[in-house]
Structure formats: C-alpha cells, structure tokens
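These notes are about the structure you will find just below.
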Amino acid sequence: MTEDRLNSELELLSFRLAEQEYSVDIMSVREIRGWTRATPLPHSPHYMRGVINLRGTVLPVIDLASRLGMPPVEGDARNVIIVVQSEGQSVGLLVDAVSDILALPRGALQPPPEISADAAAGFISALTIVEGRMIRVLDLSSVLPGYRADAA
C-alpha cells in the first residue's frame, strides 16, 4: 500500500457476536433494524434464518454466529439485523448488538494469521485493536452465500 492509502481512513461498523467483536465496512451497511422474526425457507443452509419483508422486498437473513461456526443467535428484542449490500445483493445479518462506528487509518488493519482450524478464519479479512479490544473485520464476499451461483 502506498503511504496515502495507509493513512486514509476506513469507517467500520462494529458489533458483538457471542462475546466477540466483529466489524464490516460502513459503506456496505444500508441500515440497522430491530429484530424481526424471519420466515424459514425449506432446504436452505443451516445458517439461513429465513426471509423478512423489507418495505416490499424479500430480504434473506443470515444468522451470522451460525455462519461463523458459533452457536446460533437466540433472536429476540435485544438482537439487531444489519442490512448489508455486497456485489449487488442485499442481505440481513442477525447479530447480538451493534457496538460502535470506528474510524481507523487503513494502516491499523493487520492481516489475520493463517489458521485453517478455525472455521471463521476464512471470513476475516483483517484484525485491528481498538482500546485494547481485538476487532475482526469481516470479508462480506466470503460470508455471504453466492445466491447467483446457486441459482445457475
């Protein structure tokens, strides 16, 4: 990375998931919604909570904890759905709670160690430490299932 790129800021939305902190690029976040019960779909992957009606649009909802190999999120009034968009797809991510908006220099991001035993490791694009807390930056393109590829 060039020095300008290292010093440029990146804004992340951080959130909690099973006592751990994760984040996504704020530019991919469309909105944050309170918990809405999803309608399950038959033959969907174990981490797919179902779909919700988002102002007339059918929005798939992923239980992010389940997707990352952790116990599923309970799904109650304390939880939130982060609506993200990646590669033209909108998807809801069910998480425990939103924590913060972080503005960090790109140089503060470190690549994750190469640990293949951790199921979630392939979904992490970077790590950063903020106020003594380790925050994982999700790679949305690997977290979100390829709907187009499945449909083809």
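The values are calculated or read from the model by the stated rules, or taken from the named source; none is laboratory data. What you see is a predicted model; the values in this text were computed from it and never measured. Cβ atoms come from the backbone with ideal geometry, glycine included; neighbour counts cover every protein chain shown. SASA here: full protein model, heavy atoms, side chains in, ligands and nucleic acids out. Shrake-Rupley method; radii C 1.70, N 1.55, O 1.52, S 1.80 Å.
For the range 19-31, does any single residue satisfy the condition of being without any contact (Cβ under 8 Å) to a residue 12 or more places away in the chain and surrounded by fewer than 19 Cβ atoms within 10 Å (Cβ to Cβ)?
yes
Which ones in the range 26-58 are more than 12 Å from Ile82 (Cβ to Cβ) and among the small types (Gly, Ala, Ser)?
Ala38, Ser44, Gly50, Gly56
Mind listing whichever residues of the range 46-102 are small (Gly, Ala, Ser), part of a strand (DSSP E or B) and either open to solvent by 10 Å² or more (accessible area, probe 1.4 Å) or farther than 16 Å from Trp35 by Cα (or both)?
Within the range 46-102, Ser86, Ser90, Ala97, Ser99 meet the criteria.
Kindly establish whether Arg16 is closer than 14 Å to Leu94 by Cβ and either open to solvent by 50 Å² or more (accessible area, probe 1.4 Å) or assigned to a helix (DSSP H, G or I) (or both).
yes
Would you check if there is a residue in the range 121-142 being hydroxyl-bearing (Ser, Thr, Tyr), modelled with pLDDT under 95, under 26 Å from Gly34 (Cα atoms) and open to solvent by 30 Å² or more (accessible area, probe 1.4 Å)?
Checked against the condition, which is being hydroxyl-bearing (Ser, Thr, Tyr), modelled with pLDDT under 95, under 26 Å from Gly34 (Cα atoms) and open to solvent by 30 Å² or more (accessible area, probe 1.4 Å), the range 121-142 yields at least one hit.
Given the structure, is Arg106 farther than 22 Å from Pro145 by Cα, touching a residue at least 12 places away in the same chain (Cβ under 8 Å), in contact with a helix residue (DSSP H, G or I) (Cβ under 9 Å, 6 or more places away or on another chain) and not aliphatic (A, V, I, L, M)?
So Arg106 fits the description; yes.
Hey, does the range 6-13 have a residue that's in a loop (DSSP other than H, G, I, E, B) and either touching a residue at least 24 places away in the same chain (Cβ under 8 Å) or open to solvent by 40 Å² or more (accessible area, probe 1.4 Å) (or both)?
Yes: one or more hits.
Suppose we keep only residues that are surrounded by 15 or more Cβ atoms within 10 Å (Cβ to Cβ) and at pLDDT 85 or above within the range 107-120. Which one would you say is farthest from Asp25 (Cα to Cα)? Break it down stepwise before answering.
We begin by selecting, within the range 107-120, every residue surrounded by 15 or more Cβ atoms within 10 Å (Cβ to Cβ); these are 108-109, 112, 120.
Adding the requirement that they be at pLDDT 85 or above leaves 108-109, 112.
On the way: Ala108: 14, Leu109: 12, Pro112: 16 Å.
Step by step, filter the range 107-120, then rank; the result is Pro112.
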